[in-house]
Every structure is written in structure tokens, then in C-alpha cells.
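Notes follow once the structure below has been shown.
Please treat every number below as a calculation from the coordinates, not as lab data. Treat the numbers as computed from the prediction; the structure is a model and nothing was measured. Glycine also receives a Cβ, built like all others from the backbone with ideal geometry; neighbour counts cover every protein chain displayed.
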Amino acid sequence: MEGLMKMLCLVGFVVLIAGIGRVECAGECGRGTTPDNEAFKLAPCASAASDENASVSRSCCAQVKKLGQNPSCLCAVMLSNTAKMSGANPQIAVTIPKRCNIATRPIGYKCGPYTLP
């Protein structure tokens, strides 16, 4: 009986270790993507994210509306390395949902040190 218990423990341990190697964590934007990957979808927002006086294109607003369904993803995208490297200013970028007149935007959502207006 003791040998059987040791064998079961060993098998359970091996299964656990094998399972850990296959775990795929879902980040802010879900499985299979990252905020940096999602940031590329906001390319039409480049000028609006760096200049608060720039007009916001329809394609930008459409992408922001899609990402805005998950506020933590939208926030992570706006603060991502890709967004920063593109010249986006997070303080200006967080104003885009309001500038797009997105009624369902997450008003008051804390995005790092910024709050969505």
C-alpha cells in the first residue's frame, strides 16, 4: 500500500509539473495578445495621442471603442512601450475616448497615474 501511495504521489507530481509548463496566462488584453500588440491597432490614433488639438479620426475612435470594452486593456495599451515609442503622451491619450464622444467610456477609470475623463 505504501508503494502505491508513493507511485500515485509521483504521478501526481509529474502531471502537475507538466501542466505548469503549459499554462498560458491571460493578461490585461486576454489570451494570445499583449498590450504592445494591441497598441498597433491604435496606429490611426498616433497624432491624437500626442497632440490634444489634433482631430481624432473615425478609424481611431472605432479601435478605441473596441478596446474600451475592456478598460484595463485600453489602459495597458495607452501605457505600453509601443505607445510610448510611437510618441504617444499618456496624459493626452487618455482623453481620446472623450474626444471620440464614446458614451460607454469608463469615466473616472484610473489608468496608472491618469484618470479617464
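So the values come out like this:
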{"item": "Total formal charge among the other residues, if their Cβ is under 10 angstrom from that of residue 116, Lys/Arg +1 and Asp/Glu -1", "result": "+3"}
{"item": "Integer Hz, Karplus 6.51/-1.76/1.60 couplings in order for the stretch 103-111, x for Gly and Pro", "result": "5, 8, 5, x, 4, x, 5, 7, 10"}
{"item": "Residues whose placed amide H lies under 5 Å from that of residue 111, excluding near-sequence neighbours", "result": "116"}
{"item": "Projected label distance in nm at residue 47 and residue 59, using a 7 Å step from Cα toward the beta-carbon", "result": "1.2 nm"}
